[in-house]
Amino acid sequence: MQLNRDNARLTELYGQTENTLRTLRREYEQVAKVAKEVPDLQRQNETLGQQRIQATNERDHFRADAERYAAELSAERQARLAEIEEQRRREARLQAIEELLAQLKPKDPAAETPKIEGAIAGESQS
C-alpha cells in the first residue's frame, strides 16, 4: 500500500517535472531564437544610430540655412524700408519744390509776358 502511494506521488511528481521540462524547452527555444536575432538587431541599431547622426547633421545644416536666409531677408527688408523712406523724402522735397514754383509763378501769365519781353528788349538795346 505504501508502495502504491509512493508510486502515485512519484507519478504525479514525474508529470509535474515533464510539464516543467516542456515549459523550459519552449522558453529555451524562444531565448535561442531571440539570441539569433541579436546580431541583426545590433546591426540595425548601429545603422539607425548612423542615420540619426546624419539626420541630426542635416537638420543642423537646414537650421543654419534657415537662420542665414532669415538674416538675409531681414537685411533686405531693412534696405527696402530705407529705400521707401528715401523715396518718401524725395517725394516730399519734390512736392515742396512744386509748391514753391507754383507760388513763384505769376497768377496771370499774359500780364507778366510783356514785362518779361520788355526786360529782354531793354537788355538787347543796351
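The values are calculated or read from the model by the stated rules, or taken from the named source; none is laboratory data. Because the structure is a prediction, the values reported are computed rather than measured. No Cβ is skipped: glycine too gets one built from the backbone with ideal geometry, and neighbour counts run over all protein chains shown. Surface accessibility is based on the protein's heavy atoms, side chains included, excluding ligands, DNA and RNA. Shrake-Rupley method; radii C 1.70, N 1.55, O 1.52, S 1.80 Å.
Remarks
- Local electrostatic count at Leu94 - Lys and Arg +1, Asp and Glu -1, tallied over other residues with Cβ under 13 Å: 0
- Rounded percent of accessible protein surface that carbon and sulfur make up, the range 9-51, 1.4 Å probe: 55 percent
- The alpha-carbon of Lys105 sits under 17 angstrom from the alpha-carbons of these aspartates and glutamates, leaving out residues fewer than 8 places away in its chain: Glu117.
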